[in-house]
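See below for the structure under consideration.
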Amino acid sequence: MRAIAILGPALLLAACVGEPEAPAAVLRADVVGTFDDPASPPRVALTQSTQLGLVQFDGAGQVVPGLAASWRVVDGGRSLIFRLRPATWSDGRALKAGDVVAVFRRIMAPGSRNPLKPLLTGIDNAASVVGGRAPMSMLGVSAPLDNVVEIRLSSPDAGLLQLLALPQAAIVRSGSRPPSIGAFTVTDGAARPLQLRRNPRYFDAADVNLGGLALTAAPDPAAAIARFGRGETDLVTGDGIAGLGEARVLAPRGTLRIEPTWGLYGYQVNLKAGPMSDARVRRALAMAVDRDALVRGLFALPQLVPLVSLVPPDAGAGEPAVPDWAALDAAARRALAAQLIAAAGYGPDNPLRLRVSLPPGRDHAQIFDAVLRDWQMLGIVATAVERAPAAQRAAVARGDYDLAVVERSAPAPKPLFFLRPFTCAGSGGSYCNKGADALIDGARVMADEGARGEALAHAEAAMLADTPMIPLFVPVRWALVGKGVTGWTDNQGGQHPLGALSIEETRK
């Protein structure tokens, strides 16, 4: 069965339902990205606005009840029991616990591409189900009563509720046009901006202060920033570092919001072919970058910090692992990097030449230019190749790069989110350290959180010794919030459900 990781284009044609009795203002929101990418912020915002999970995030990023009115944690944290509230989809059908079980089975199906799947393998028998070694009926999600759902875990997971609150864990019915069970329903899927209105069947409709949404997917952050400056939109939410420079310069006073993240910005390396397949070259490039100078010179933001590890400092259970050269000063690193480059066979008569694949945008180009200045001290010649997001993904898939920008922000402080791409399965075969994988597999079933964190730190250290990527810094998240918009609260997880906002109707 094909999993629904996030709402697809079919939702844009979802059936209409009746108007709320007293329509309020419509919030105009530009979300950087496109509707074409299933994992893009616009699609996530659409799902978060129209669907709901067992729990949800409030406007401050805190987990609050969703379709579950309450829950209990029993059996030493190995079982969570959710009691469902009376809830109805926009087509009038009532929610039952079996609907929840069906969604979790889709998420964890062997062919599912839901990004939460690797983070939910702590559910009983999930690893065997995902690997096709056990039937789906063995998954530790059950419905003992029509209004009760139990999730059993192989070991306690303090961050599970944060994962269940994400839009990717929403209880979306299968079918080509899934109805809404969230705060809004789509009224015109063909219109741009996408038109949504308040869902009168939403269980908490009385507390939704907006009459509707006009949701725009904005591929170009600079264009969205310009629209905001002209008063054509009330809110712009960014997608990573792109657009931050323009936002800082052009945003009207008091409208720019900058949040820290549990994130990573750096360069993925092509381990299969080319010069980056040499571990000495990877290590030299990672060592040669002066990250302190990079973040000071380009951004000068306290929320943006240098990074030499794979897991950001506050995203793990303990101190992250660091490479053995991290304690050296910049000059000592460059000297050692020069020795490694020479040992790999490169020099004035045979310079190391690299292609670095970048997403569009001035910010990515400026970061590359700063990194290049450090690499040029080693005689390295690097060329930037700017590609649109879809072309970037395709180029990486076919190996048409030496290095490529990677920017990841986790929804919760989960070290596995950052380590998973470097496991034998998660890397798609481009990198495999079986010793590190064994440590991660062992950590999954550890009941003690401290022991689990220590095992994951050892796994990270083993990976760092191979330099599977070049981390640069912990990125930030930005948004432009109009002065009439209320209810926005900065939070590190970047959770800003549009239904939690209000707007004063002051537009002409």
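Can you pull out every residue in the stretch 354-380 that is within 22 Å of residue 476 (Cβ to Cβ) and polar (S, T, N, Q)?
Across the stretch 354-380, the qualifying residue is only 366.
Tell me the helices (runs of 4 or more DSSP H) entirely within the stretch 376-476 that contain at least 1 residues that are in contact with a strand residue (DSSP E or B) (Cβ under 8 Å, 6 or more places away or on another chain), buried (at least 16 other Cβ atoms within 10 Å of the Cβ) and not aliphatic (A, V, I, L, M).
So the answer is 389-398, 415-419.
Would you call residue 114 farther than 30 Å from residue 199 by Cα and modelled with pLDDT of 90 or more?
no
Exactly one of these conditions fails for residue 206: (1) surrounded by fewer than 18 Cβ atoms within 10 Å (Cβ to Cβ); (2) in contact (Cβ under 8 Å) with a residue 24 or more places away in the chain; (3) within 25 Å of residue 91 (Cβ to Cβ); (4) of a type in the set (Gly, Ala, Ser). Give me its number.
Status for residue 206: all satisfied but (2).
Scan the stretch 299-309 and tell me whether some residue there is on the phi > 0 side of the Ramachandran plot and in contact (Cβ under 8 Å) with a residue 24 or more places away in the chain. Steps first, answer last, please.
Restricting attention to the stretch 299-309, the residues satisfying the condition of being on the phi > 0 side of the Ramachandran plot are 300.
Imposing the further condition that a residue be in contact (Cβ under 8 Å) with a residue 24 or more places away in the chain reduces the set to none.
Checking the stretch 299-309: not a single residue is on the phi > 0 side of the Ramachandran plot and in contact (Cβ under 8 Å) with a residue 24 or more places away in the chain.
Within the set of pairs 6+ apart or on separate chains, which have a first residue in the stretch 318-331 that is under 20 Å from residue 373 (Cα atoms), a second that is acidic (Asp, Glu), and C-beta atoms under 7 Å apart?
330/290
I'm checking my understanding of the structure. Among residues of the stretch 74-94 that are small (Gly, Ala, Ser) and part of a loop (DSSP other than H, G, I, E, B), which one is surrounded by the fewest Cβ atoms within 10 Å (Cβ to Cβ)? Spell out how you get there, then give the answer.
From the stretch 74-94, those small (Gly, Ala, Ser) are 76-77, 79, 87, 90, 92, 94; that's our starting set.
With the extra rule that they be part of a loop (DSSP other than H, G, I, E, B), the set shrinks to 87, 90, 92.
Details: 87: 21, 90: 23, 92: 9.
The selected residue is 92.
Please count how many residues of the stretch 267-297 are crowded, with 20+ Cβ neighbours inside 10 Å and either of a type in the set (Asp, Glu) or not assigned by TED's automatic domain parsing to the domain that holds residue 326 (or both).
Result for the stretch 267-297: 1.
Got a sec? Which of 411, 389, 348 is closer than 30 Å to residue 63 by Cβ, in the same structural domain as residue 286 (by TED's automatic domain parsing) and of a type outside the set (S, T, N, Q)?
So the residue among 411, 389, 348 that is closer than 30 Å to residue 63 by Cβ, in the same structural domain as residue 286 (by TED's automatic domain parsing) and of a type outside the set (S, T, N, Q) is 411.
Considering the stretch 253-295 alone, what residues qualify as being in contact with a strand residue (DSSP E or B) (Cβ under 8 Å, 6 or more places away or on another chain), more than 18 Å from residue 365 (Cα to Cα) and of a type in the set (Ser, Thr, Tyr)?
Within the stretch 253-295, 255, 261 qualify.
Do we have any residue at all in the stretch 258-281 that's in a helix (DSSP H, G or I), touching a Leu at 6+ places or on another chain (Cβ under 9 Å), at pLDDT 95 or above and of a type in the set (D, E, K, R)?
Yes, the stretch 258-281 contains at least one residue that is in a helix (DSSP H, G or I), touching a Leu at 6+ places or on another chain (Cβ under 9 Å), at pLDDT 95 or above and of a type in the set (D, E, K, R).
Looking only at the stretch 329-350, count how many residues are outside any helix (DSSP H, G or I) and more than 37 Å from the chain's Cα centre (by Cα).
Adding up the residues that qualify gives 6.
If I ask for residues that are of a type in the set (D, E, K, R), in contact (Cβ under 8 Å) with a residue 12 or more places away in the chain and in a loop (DSSP other than H, G, I, E, B), which ones from the stretch 131-158 would you list? Show your work before the answer.
Within the stretch 131-158, the subset of a type in the set (D, E, K, R) is 133, 146, 150, 152, 157.
Cutting the leftovers down to in contact (Cβ under 8 Å) with a residue 12 or more places away in the chain gives us 146, 150, 152, 157.
Answer for the stretch 131-158, where residues must be of a type in the set (D, E, K, R), in contact (Cβ under 8 Å) with a residue 12 or more places away in the chain and in a loop (DSSP other than H, G, I, E, B): 146, 157.
Can you tell me how many residues in the stretch 172-203 are within 17 Å of residue 97 (Cα to Cα) and aliphatic (A, V, I, L, M)?
Residues in the stretch 172-203 being within 17 Å of residue 97 (Cα to Cα) and aliphatic (A, V, I, L, M): 2 in total.
Quickly run through the stretch 247-257 and pick out the residues that are part of a loop (DSSP other than H, G, I, E, B), surrounded by fewer than 15 Cβ atoms within 10 Å (Cβ to Cβ) and of a type outside the set (Lys, Arg).
252, 254
Per-residue answers, yes or no, for (1) farther than 11 Å from residue 481 by Cα; (2) in the same structural domain as residue 27 (by TED's automatic domain parsing); (3) within 20 Å of the chain's Cα centre (by Cα):
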| site | (1), (2), (3) |
| --- | --- |
| 221 | yes, no, yes |
| 230 | yes, no, no |
| 237 | no, no, yes |
| 242 | yes, no, yes |
| 248 | yes, no, no |
| 254 | no, no, no |
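Can you pull out every residue in the stretch 21-57 that is closer than 19 Å to residue 162 by Cα and surrounded by fewer than 17 Cβ atoms within 10 Å (Cβ to Cβ)?
Within the stretch 21-57, just 39 meets the criteria.
What single numbered condition from (1) part of a loop (DSSP other than H, G, I, E, B); (2) at pLDDT below 95 fails to hold for residue 296?
With respect to (1) part of a loop (DSSP other than H, G, I, E, B); (2) at pLDDT below 95, residue 296 is out only on (1).
Yes or no, residue by residue, for (1) in contact with a strand residue (DSSP E or B) (Cβ under 7 Å, 6 or more places away or on another chain); (2) under 17 Å from residue 53 (Cβ atoms); (3) basic (Lys, Arg):
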| position | (1), (2), (3) |
| --- | --- |
| 132 | no, no, no |
| 141 | yes, yes, no |
| 146 | no, no, no |
| 156 | no, no, no |
| 211 | yes, no, no |
| 224 | yes, no, no |
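Return the only residue of 216, 233 being among the polar types (S, T, N, Q), in contact with a helix residue (DSSP H, G or I) (Cβ under 8 Å, 6 or more places away or on another chain), closer than 28 Å to residue 185 by Cα and not in a loop (DSSP other than H, G, I, E, B). Outline the logic, then answer.
Details: 233 fails: not in a loop (DSSP other than H, G, I, E, B).
216 is the lone residue from the list that is among the polar types (S, T, N, Q), in contact with a helix residue (DSSP H, G or I) (Cβ under 8 Å, 6 or more places away or on another chain), closer than 28 Å to residue 185 by Cα and not in a loop (DSSP other than H, G, I, E, B).
Within the bounds of the stretch 172-181, is there any residue that is touching a Gly at 6+ places or on another chain (Cβ under 6 Å) and either within 26 Å of residue 451 (Cα to Cα) or in contact (Cβ under 8 Å) with a residue 40 or more places away in the chain (or both)?
The answer is no; no qualifying residue exists.
Yes or no: residue 188 out of contact with any Cys (no Cβ under 8 Å at 6 or more places or on another chain), surrounded by fewer than 17 Cβ atoms within 10 Å (Cβ to Cβ) and at pLDDT below 95? Spell out the reasoning first.
On the way: out of contact with any Cys (no Cβ under 8 Å at 6 or more places or on another chain): yes; surrounded by fewer than 17 Cβ atoms within 10 Å (Cβ to Cβ): yes; at pLDDT below 95: yes.
Yes: the conditions hold for residue 188.
Among the residues in the stretch 491-498, are any assigned to a helix (DSSP H, G or I), at pLDDT 95 or above and not assigned by TED's automatic domain parsing to the domain that holds residue 316?
yes
The values are calculated or read from the model by the stated rules, or taken from the named source; none is laboratory data. Predicted model only: the values in this text are computed from it and were never measured. FYI the Cβ positions are ideal-geometry reconstructions off the backbone, even for glycines, and counts take in every protein chain you see.
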